1. Using a Förster distance of 25 angstrom, determine the FRET efficiency expected from the C-beta separation of A64 and E445, and round it to 0.05.
2. When Lys and Arg each count +1 and Asp and Glu each count -1, what net charge do the other residues less than 14 Å away from I150, Cβ to Cβ, add up to?
3. When you count, for each residue, the other Cβ atoms within 10 Å and take the mean per peptide, how do 270-278, 475-483, 75-83, 398-406 rank with the highest first?
4. If one computes P(r) from the Cα atoms of the chain, what percent of pairs lie at distances over 45 Å?
5. So, with a 1.4 angstrom probe, what is the percent of accessible area on the chain that is carbon and sulfur?
6. Applying the Karplus parametrisation 6.51 cos²θ - 1.76 cosθ + 1.60 with θ = phi - 60° to the phi angles of region 66-78, what ³J(HN,Hα) value in whole Hz is obtained for each residue in order, glycine and proline being reported as x?
7. Return the percentage of antiparallel bridges among DSSP beta bridges fully within region 96-221, rounded to the nearest 5 %.
8. So in the chain, what percent of DSSP beta bridges are antiparallel if you round to the nearest 5?
Amino acid sequence: MPYDTQPTASHFINGEYVEDTSGTAIDVIYPATGEKIATVYAATPAIIEQAITSAKAAQSAWAAMTGTQRGRILRRAADIMRERNHDLSILETYDTGKPYQETSVVDATSGADALEYFGGMAATLTGEHIQLGENWVYTRREALGLCVGIGAWNYPTQIACWKGAPALACGNAMIFKPSETTPLCALKVAEILIEAGLPAGIYNVVQGMGEVGGALVTDPRVDKVSLTGSVPTGRKVYAAAAADIKHVTMELGGKSPMIVFEDANIENAVGGAILGNFYSSGQVCSNGTRVFVHKAIKEQFLKRLTERLGNAVIGDPMDPDTSFGPMVSERQMNIALGYVEKGQAEGARLITGGQRLDREGFYMQPTVFADVTDDMVIAREEIFGPVMAVLDFEDEDDVMTRANDTEFGLAAGVFTNDLSRAHRVAARFEAGTCYINTYNDAPVEAPFGGVKNSGVGRENSKAAINHYSQLKSVFVRMDDVEAPF
Ligand code: NDP
């Protein structure tokens, strides 16, 4: 790779880089050119064993430190990440193909936010005292033990931190398996944590495909699994975790609705639709890919959308002016192009885009279909690419029913200037994360996650603490024990 701060080996275990070239070789491809920039090796059973053994050995001493001590290390790691934002952003761009214009403001920075937020929270984690007459109960908030994090490829740094930061704040150890498509960034997170003072063995990274994830999930020494991935993978991982009644967090896919009422500010609604469909070339789980636009403003909306899409700067993701980059892989691009064909075959009206770009790398145009109907495949299935489906509506009750008529429930958005309607619609959405006159904000302070098939549990915010710790109740009797005999 033409970059001198890339990770130096495939895995990071017990505080150091570890290599084992006997694992399956995984080529790391730069999506903007299709060139191979690195090779990592999937974890062998010996590497997985090494990671689990060192994490198990280190965890109890980490949990025994005070929250202030643990938090100080996480906050120091956040500072280092911010200082190295430029280098980390370039690595993220190599890993994912996302434009530097994006990676420099949302990836290492949001990872650092998570480390800072949960670092600050570590010292505040307490149990409670419950008085029962003369007697009492107190609760202890305890770590779960060994957590496994499994990541998707769209936000490799952010996912590594969103899972690692709350896990570590609560006193757990973590083994993180990045997606095989984007294996590099999590290694830098591990490196930075160690530099910040994290004891060896508390945050480990191992590479591999699904079977490495599967081996981790089924190991009886693992106490919790947090997956960011698709619904089919979520089903498999959830079922495997159930065998040992492991704790789970599932951040899965979506096909989220965005409703634009006739009184909406059109520029803001168009801006929300652009953010919620074309940021990261559409590879965002919470994207509002079913855009319901009131018939009265539909043509105006489509006109402004097309005009503004014409301002997208598509090109070299390392160029800070580029605002739309390639897709993460040829495979993912072909999946999205396949959906474009399906949309055309089903009679949706192609407004703009739809083609692969005639240049090296995995680029496709931002694509908009209008006159999409609820039963079309492009309105039902998650595409995970830059393909927006615009649907018409006239009646609020009707559009609510249609918006909720999906297996998914990750996110939903509404654009309107009617205050009552905005909150009524938000309350009626069957989704874990809702937006009023905005889209796709994900600050660490707010819970993030889905309902229905889009997942269980929440990441970020105070809510995440409940998913990385457990309560022990301790009953204390001051008077005599009364027994029946
Ligand atoms: P996948 O579901 O294909 O993979 C997710 C991760 O799980 C990868 O690391 C994968 O490894 C691993 N994996 C696959 N099979 C197994 C298994 N049997 N046991 C354990 N681990 C396994 O998702 P993608 O990487 O393709 O990411 C896209 C999906 O992620 C979309 O559906 C998207 O909506 C969702 N997503 C959800 C988010 C959320 O917060 N709700 C955020 C971002 C994405 P490998 O790929 O290396 O084989």
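1. Between A64 and E445 the formula returns 0.30.
2. Neighbour charge sum, excluding I150 itself: +1.
3. In decreasing order of mean packing, 270-278, 475-483, 75-83, 398-406 become 270-278, 75-83, 398-406, 475-483.
4. 15
5. Taking all protein chains in place, the chain shows 51 percent carbon and sulfur surface.
6. Ordered by residue, 3J(HN,Hα) equals 6, x, 4, 5, 5, x, 4, 5, 5, 5, 5, 4, 4 Hz.
7. Antiparallel: roughly 35 percent of the beta bridges in region 96-221.
8. Antiparallel: roughly 45 percent of the beta bridges in the chain.
The values are calculated or read from the model by the stated rules, or taken from the named source; none is laboratory data. Remember, it's a predicted structure, so these values are computed and weren't measured experimentally. FYI the Cβ positions are ideal-geometry reconstructions off the backbone, even for glycines, and counts take in every protein chain you see. To get the accessible areas, we keep the full protein, side chains included, count just its heavy atoms, and leave off ligands, DNA and RNA. Shrake-Rupley method; radii C 1.70, N 1.55, O 1.52, S 1.80 Å.
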